[in-house]
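A short reminder: the numbers here are calculations on the coordinates, not readings from a lab. The shown structure was predicted, so the numbers you read here are calculated from the model rather than taken from an experiment. Virtual Cβ from ideal backbone geometry, glycine too; neighbours counted across all protein chains shown.
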Amino acid sequence: MTDSLLPGHPFIAYQDGELCVEQVRLSSLAAQHGTPLFVYSKAAMLSALAAYQRGFAGRQAQICYAMKANSSLAVLQVFAQAGCGFDIVSAGELARVLAAGGDPAKVIFSGVGKTRAEMKQALQVGIGCFNVESTAELDVLSEVACSMGRQAPVSLRVNPNVDPKTHPYISTGLKGNKFGVAHEDAVPIYRHAASLPGLKVVGIDCHIGSQITEVTPYLDAMDRVLDLVIDIEAAGVPIHHIDFGGGLGINYNGDTPPEADALWAQLLAKLDARGFGERQLMIEPGRSLVGNAGVCLSEVLYLKPGEQKNFCIIDAAMNDLPRPAMYQAFHHIAPVQIRKGADTLYDVVGPVCESGDWIGRDRSLSVQAGDVLAVLSAGAYCMSMASNYNSRGRAAEILVDGAQVHLIRERESVFDTFQLEHLPA
């Protein structure tokens, strides 16, 4: 019997009482590789990508994976081999793209604080576009490009002041956010960009936030961006591509985001109706490609009953799974092997010395010390945000492809965490 834990995600499911990723039992992976352990389904990632590819069939479109969601080299390789470009926010991410075999010409460099050194590195390898977020950045980028005898391809990230109706920490398109240039300032800033000798204006960009589960914010943002394109081109600055960012949410806890192909059917209908259907399009999905492709396995260390709370203490912590502590985020937690018996209500917590080190509150579980639990929807913003807090080494990572198991990151030892430090003589 196969029982999928999340609707629409058949690649992580129970098979005869054993939780599996594709054809591999997670209990076997935990026994062989230890815990905490991240496990990713290649088929789940490619299935999520296929929805975008279906949505853009017959269009001039480039899908650029927003790699801050999960920057593990093997994950990047999956998307590079599937034809994706990459949305990066640092020179470190650029180096990872190149190491994974990504095409620099399909790279978009976003972020509000690019350094001169990062600009130079990106120009040297020939990235596709810089998404610029301030007038000051335009001036510096032009100066750097001129010093190298080059022109930097740029688009401006415009802040459309659209509420994405998501967590305030991951909202990026409102006036109070640090990202982008103000909608009302865009035309004069585009004129300025076009006047700079080291720049070549190629597009316009917007990104309103992350974990968006409704269509309306996208439609509103598209209208505002298309209005701007008309005004910018009327000012004599041609726009070759339109970048609508990413941000599509996933199902963490009964969330009902639209499927990527259904979302883009509506957006493309609006694009066509407004006469922009032939433009080159760019999008930058991240979480929606990897979030539900991953789980984090963790061993139950202790069960600690109390007057007000019962605690299930596991060996994964906020340094491995930072989203609950950072965003009060919900992740389903499921036993790797179903145990018969009455459930008890637990707060699932880690061993880190912080009250904020919790993974799930008020979870009904039938569990004993030594059991392995799976924290679901852990493919995005978990390993990429992991830290060494409390001098804890980062977890190992596994990529599953059918029945094949690939160790894609070795477990970090305590020595690894301090090998670059030096004691004074």
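Details
- Sites residue 272 and residue 54, calculated FRET efficiency, Cβ-Cβ separation with R0 30 Å, nearest 0.05: 0.95
- Taking the empirical scaling 2.2 N^0.38 Å for compact globular proteins as reference, the stretch 110-285 has a Cα radius of gyration ratio of 1.04.
- Segment residue 328..residue 16, full-extension length gain: 109.0 nm, with 0.36 nm per residue of separation and the alpha-carbon distance subtracted.
- When the Gaussian network model of the chain links Cα atoms closer than 10 Å, the mean-square fluctuations of 389, 65, 218 top out at 389.
- Estimated FRET transfer efficiency (residue 361, residue 425; beta-carbon r; R0 45 Å; 0.05): 0.35
- Considering only 36, 81, 276, the residue lying farthest towards the positive end of the dipole of the chain is 81, judged by Cα position with unit charges set on Cβ.
- Here the Kirkwood formula puts the hydrodynamic radius of the stretch 27-146 at 15.9 Å, using every distinct Cα pair.
- The Cα atoms of the stretch 208-309 cover 69, 24, 20 Å along the three principal axes, with the biggest extent listed first.
- Only lysine pairs 8 or more places apart or on separate chains count here, and in the stretch 110-285 those with Cα atoms under 26 Å apart total 10.
- Computed over the chain, the convex hull of the alpha-carbon atoms projects to a mean area of 23.2 nm².
- The ellipsoid that matches the Cα gyration tensor of the stretch 198-266 has semi-axes, each √(5λ) in whole angstrom, of 29, 12, 9, with the longest given first.
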